[in-house]
Structure formats: structure tokens, C-alpha cells
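A.B. asks: Got a structure for you, questions after.
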Amino acid sequence: MNILGLYNYWIVVVLMLIGFYIVIAHENLIKKLVGLSIFQTSVFFFYISMGKITGATAPILDEKYELYSNPLPHVLILTAIVVGIATTALGLALVVRIQEAYGSIEERDIQEQDAHDQLECQLEAYGPSSMEISDEQEQDE
Amino acid sequence: MSDLFAVVMLSGIYSLISASLFLDLDAVDVAFTEASVGAGISTLLMLASLKLVSRYQKKTRYKPILAFFVVVTTGAMLIYGTLDMPHFGTADAPVHTHVAPRYLNESMGEIGVPNVVTSVLASYRGYDTLGETLVIFTAGIGVMALLMVSKQTKQESKKLIPADMQQQIILRIVAKMMIPLILMFALYVQFHGDYGPGGGFQAGVIFAAGIILYTMLFGLSTSQEVFKATTIELFTAAGVLLYGGVGVVCMLLGGNFLDYDFLKHDPVHGQHLGILLVELGVGITVASVMMIIFFKFTWRTVKHKYKK
Amino acid sequence: MELVLDIISWIFLVTGCFFCLTGAVGLLRFPDFFSRIHAASITDTLGAGLILIGLMFQSGGWGLVMPKLVLILLFSLLASTTASHAIAKAALKSGLKPEVSSADEPSEGESSSKL
């Protein structure tokens, strides 16, 4: 019983790790954003579950009730949710621009294109003399 | 799962379920916000951007063992860390001993608003909320800067875009019945936020949802006749200005910034007025930012349609 | 009087729960998309509707709760039926045919089970 009373934190940790895993392991940028929002929700759960008191009611004052849950986490999370959607929208806008610029939203494609562009830039800058080196680099890859 | 459409829908369902969990944890206002934001607007925006990027994910053969290892290690450490935390639902946890009792016991006398969440949001922690409103405003500006629309597209679209769902008669009729009620409900949530769950954030999102529904069914050009892009842009700023203006007026009347006691002779009445105005400012900003973000995404789709 | 109201409301609540359950079972077990959406919309209309009616009997008189529940009922009836209609129409438009009998075309069953 002693340890089981902490189950809310474990749910939060599991949710947070699911979100974290999606963010670092998946290549698709939209999926990364979904992962971020799961991560975000886990933090919301952390705050809200800390504010809960067993047997209490929602913090809307009324003569019938004595015990209320803590209103402070509610306030913080309420604003955080709306800020979260605003930032998600910003992220989505960035994803849209990336799609327009690179033609893909897979991280690997983007990095490959970037590496390719870099090589071309080097070729232009140093002229044909550095051609051999960059050819070797390409072979290495 | 390589179909991103399914991913987005599942994340919407996840938001709705977490909203009901919030309700169970006594956080009615948070549940309300999560239901309208997470399950409503967020899913919508993700779908709108899916329309612009490809719907299917590329298959990768890469197995992220390192990522899995990192995640499991972090998880083990976090769970070890929870062992010292106070148990779930205990009334004497450190969180409940510091400022919360003061809010709960004295907000009725000092502010006179039954919903403590509203009074803390708009009055006790007014600075905080001003900051959050500014963050939303900034995000709106960011989206506007990233997804600019040229004048040419706008002119072309006036002739060209038919609404996507022109033929859906049943949808149009039902939406026509629902939209005024949605907008009215938004206003109810806005001005009843002192007494029940609700307030500027939720009301703004619901209002925007009503307008977005209208836009989806009747076409972008029809709704732009009522809600011109420049007008909405003005409104985003006007909301923040209203919030900050209330603060400045408080200063001019002899109080501190956002100290509503001085707005009227009776401090409680002053607090009431202040909260009402501030929530209105928040509502205006949130609604217009959400609308702007959606409009920008839709303009992008229009542009892509007619560029090709 | 209290007891009678309680009994009536519980009858409604239990029937509503039964329809929710059958809707869920149907959603999982029905063969093709159109019969599945039928099951899902039963959960929305009959299940949720009956539960709301049951709750109306519990709300205790003509207070503020009763009209709110009536409004929720009206909205959910309107919205969920329209949504089901829209989804079914979209499926039909994108070329998904209802599966009339499972025996004649196995390939069609495959394409519908993807959705």
C-alpha cells in the first residue's frame, strides 16, 4: 500500500517516456509534434494529480462543501494548454515550410539534402582542386 | 503506424480521454480547456497541415535501440525519484500548505467570485496570465510570418475557390443551426466564467471553433467577407491591449499594475469589473489567434491548389 | 416517489449502458465499414441518449441541471447523427462499397477492413 499510493506519478512517467520516445526515435516531423503533445499532457497530469485531494471537490466555492482541491495547478495548466496549442501551431507552420523547402518531412531526407547542399557549396568555394577530397568523402559515406 | 491521419485522430481521442481524466481529478476548468483545445482545435490544425504535407510516412528500417535505452534509463531514474513524493490525494502534501489555503479561504471576501480558478487566474496571478496571453499573441504573429499569403493568391481565390463541402446539404443545414448556438455558448462560457467553469481561454477557443466550422462548410472567401484578415489581426492586438490597458488604468487610479481594487470605489466591485475585462481581453486574443492560424493554413492549401 | 424515480432512471441508465456495450462489440466485430459505423452511431444516439434521460430523472426537479441535460441531448443527437452521415458519405464517395454478403468478394472485405 505504501508504494502503491504513488501510482499517479508512475502513469505520468510512463506517458512522459512514451512522448519522449516518439520525439527521439521517429523521423516524421508530424509524429514528433504528436509525441511532444503527449509529453506535454504528461506534465499536465503531474500538476493536476498533485493538486487532487481525496474526497475534495472542484474549487468552485459553495456552502455545501468544505474541502476543495488545490486551484493553483489548475490555473497554471489551463493557461499551459492554450499556450501549448499555440506553440504546436507554430511547429506545424514550420513543418509546412520545411515540406515546401525540402519536399519531405522525414528527418533523414532533410539531413541528406543538407549534407548534399553543403558539399556543393564547398565545391563552388574551393574550385576543382578540392574535388578529389570531396569525392573521397562521398565514397566514405 | 505509417498513416499520419490515423495518428492525428488517435491523438485527438487521447486528448478527449485525458480531458475526462482531468474532470475526475476535480480540475473542471482544465478538462474544459483540454476538451475544446486538444480534441477540437489541435486535431483540426494537425489535419489542416496534413493536407499540405504528405499523408503517409516513409517506411524506415532503422531500429532505434539507443533511443529505447535512453528512455528506459530515464524512466528508471524518474520512478526512483518518485519514491520520496507525497502520496496521491493526501491533504497535507506540501503543495496544499503554502498559498492554496489563502486563495480558497479569502478569495470570496477579497474578490467575490465563486470560481477560485478564475479569481486566481485573472486577479492573484494576473501577471502570469498576461504573460501567457502575450505568448499566444507571439505564436500567432509567428505563424503569420511563416505562412504569408500574397495578394495575388487572394485575388485569384476570390473567383476560384468553391467550398470543399459545397454539396454536403445535410452538413450545411445542421451547421447553420448549430453555429449561432456555438457562438452563444462561447459567450456564455466567457461571461459565466466567474461562477462556473469557463473563462476567456475556453470561450476564445470555442468561438474560433464555430467560425472555423463555418469556414470549412461555406468556403474561405465567404467567411473572409465577415472576418477580414486585417480585422482579425487588429483584434489579436486589441485583446492584449485591453488586458494591459486595464493594468495601466489601475496604475493611473492609484494602485499597482493590475490591482483591480481601485477600478471602483468598492474593492470587490472593482475586482469583478477587472476580471471581466481581463477575461474579455484573453478571449478576444485567443479567438482571433486561433482563427488567424487556421486561416493561414487554409490559404496555403488554396495557394498550392492553384499553383499547380 | 423518490423510489419510483430512482427505478425509472436506473432502467434508462442500464439500457443505455447495454446499448453502449453492444455498440462497442459491434464496432469491433462487424464485417465492413458501413455496418461498423451503424454500431458506432448507436453508441452515440441510443446509448448516450438513454443515459442522459436516466440522468434527467436523477437531477431532482426542474432546476438548472435539467434544461442543460436536455440541451446536451439535443446537441448530441444532432451532431452525432450528422457526423455519422458525413463519414458514411465520405466513405461512399471515396469508393468504398458496402459489403452485401461476405462470400462473394473477399478482396472487397480486405479493403474495407483497412479503414
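The values are calculated or read from the model by the stated rules, or taken from the named source; none is laboratory data. As the structure is a computational prediction, the values presented were derived from the model and not from experiment. FYI the Cβ positions are ideal-geometry reconstructions off the backbone, even for glycines, and counts take in every protein chain you see. When the accessible area is computed, the model is the full protein with side chains, heavy atoms only, and any ligands, DNA or RNA have been set aside. Shrake-Rupley method; radii C 1.70, N 1.55, O 1.52, S 1.80 Å.
A.B. asks: Apply the a/c threshold of 1.5 to the C-alpha gyration tensor of segment C:2-95 and tell me whether it is rounded, prolate or oblate.
C.D. replies: oblate
A.B. asks: Skipping prolines and chain starts, which residues have an amide H placed within reach, meaning under 5 Å, of the one on A:Thr57, given they are 5 or more residues away or on another chain?
C.D. replies: A:Leu67, A:Tyr68, A:Ser69
A.B. asks: Quick one: give the max-minus-min coordinate of the C-alpha atoms of segment B:231-308 along each principal axis, largest first, in Å.
C.D. replies: 63, 18, 15
A.B. asks: Under a 10 Å cutoff between Cα atoms, tell me which one of B:Leu273, B:Leu263, B:Leu83 has the largest fluctuation in the Gaussian network model of chain B.
C.D. replies: B:Leu83
A.B. asks: Calculate what fraction, in whole %, of the accessible area of chain B sits on carbon and sulfur atoms when a 1.4 Å probe is rolled over the protein chains.
C.D. replies: 70
A.B. asks: Now for a separate question. If you look at just the Cα atoms of chain A, how large are its Rg and its Dmax in Å?
C.D. replies: Just the Cα atoms of chain A yield Rg and Dmax of 24.5, 86 Å.
A.B. asks: Let me ask something additional. Pairs of alpha-carbon atoms within less than 8 angstrom and 6+ residues apart define the contacts here; what relative contact order does chain A have, in percent?
C.D. replies: Contact order relative to length: 19 percent.
A.B. asks: Compute the helix-to-body angle for A:107-126: its Cα long axis versus the longest principal axis of chain A, expressed 0 to 90° and rounded to tens.
C.D. replies: In chain A, helix A:107-126 runs at an angle near 40 degrees to the longest axis.
A.B. asks: Helices from chain C with mean Kyte-Doolittle at least -1.0 and a Cα length along the axis of 20 Å or more, per DSSP H: which?
C.D. replies: Once both thresholds are applied, what remains is C:2-29, C:65-93.
A.B. asks: Quick check on segment B:1-152: what are the equivalent-ellipsoid semi-axes from the Cα gyration tensor, as sqrt(5λ), descending, whole Å?
C.D. replies: Ellipsoid half-lengths, sorted descending, are 36, 27, 16 Å.
A.B. asks: I've got another one for you. Per residue, how much space in cubic angstrom lies within the convex hull of the C-alpha atoms of segment A:37-86?
C.D. replies: 69
A.B. asks: Where the accessible area of segment C:2-95 is counted over protein heavy atoms with a 1.4 Å probe, how much of it, in %, is carbon and sulfur?
C.D. replies: Carbon with sulfur: 80 percent of the solvent-accessible area.
A.B. asks: Just the C-alpha atoms of chain B: what Rg/Rh do they give, with Rh taken as the Kirkwood radius?
C.D. replies: For chain B, the value is 1.03.
A.B. asks: Taking the Cβ of A:Ala56 as the center, what net charge do the other residues with Cβ under 14 Å away carry, scoring Lys and Arg +1 and Asp and Glu -1?
C.D. replies: -3
A.B. asks: Can you check how the C-alpha radius of gyration of the protein assembly as shown compares to 2.2 N^0.38 Å, as a plain ratio?
C.D. replies: Rounded to two decimals, the normalised Rg is 1.08.
A.B. asks: Quick test of the membrane-span-like rule: which DSSP H helices of chain B reach at least 18 Å along their long axis (C-alpha atoms) with mean Kyte hydropathy at least 1.6?
C.D. replies: Length and hydropathy pass: B:4-24, B:65-82, B:169-192, B:200-218, B:229-252.
A.B. asks: Calculate the mean, over all residues of peptide A:57-68, of how many other protein chain Cβ atoms lie within 10 angstrom of the residue's Cβ.
C.D. replies: Taking all residues of A:57-68 together, the mean is 5.
A.B. asks: Accessible area drop of at least 30 Å² (1.4 Å probe, protein heavy atoms): which residues of segment A:24-43 qualify, relative to the chain alone?
C.D. replies: The answer is A:Ile24, A:Ala25, A:Glu27, A:Asn28, A:Ile30, A:Lys31, A:Val34, A:Thr41.
A.B. asks: Have a look at A:Ala125, A:Ala80, A:Ala89 and tell me which one the Gaussian network model of chain A (Cα, springs below 10 Å) gives the largest fluctuation.
C.D. replies: A:Ala125
A.B. asks: Give, as a single signed number, the net charge of other residues whose beta carbon lies under 12 Å from the beta carbon of B:Ala27, with Lys and Arg counted +1 and Asp and Glu -1.
C.D. replies: Net charge around B:Ala27: -3.
A.B. asks: While we're on this one: Interface size between chain A and chain B, please: total buried accessible area, 1.4 Å probe, rounded to the nearest 100 Å².
C.D. replies: Protein heavy atoms only, the A-B interface buries about 7100 Å².
A.B. asks: Right, another one. To the nearest whole percent, what portion of all C-alpha pairs in segment A:4-75 is separated by more than 17 angstrom?
C.D. replies: Above the 17 Å cut-off, segment A:4-75 has 55 percent of its Cα pairs.
A.B. asks: Averaged per residue, what accessible area in Å² does chain B show with a 1.4 Å probe, protein chains only?
C.D. replies: Per residue, chain B has 48 Å² of solvent-accessible surface.
A.B. asks: Moving on to the next point. Pairs of Cα atoms under 8 Å, at least six residues apart: use those to get the relative contact order of segment B:115-307, whole percent.
C.D. replies: 32
A.B. asks: Oh, and also: Is the shape of segment B:189-278 best called rounded, prolate or oblate, per the rule: a/c under 1.5 gives rounded, else a/b larger than b/c gives prolate, else oblate, with a ≥ b ≥ c the square roots of the Cα gyration tensor eigenvalues?
C.D. replies: Because a/c hits 1.5 or more and a/b fails to exceed b/c, segment B:189-278 counts as oblate.
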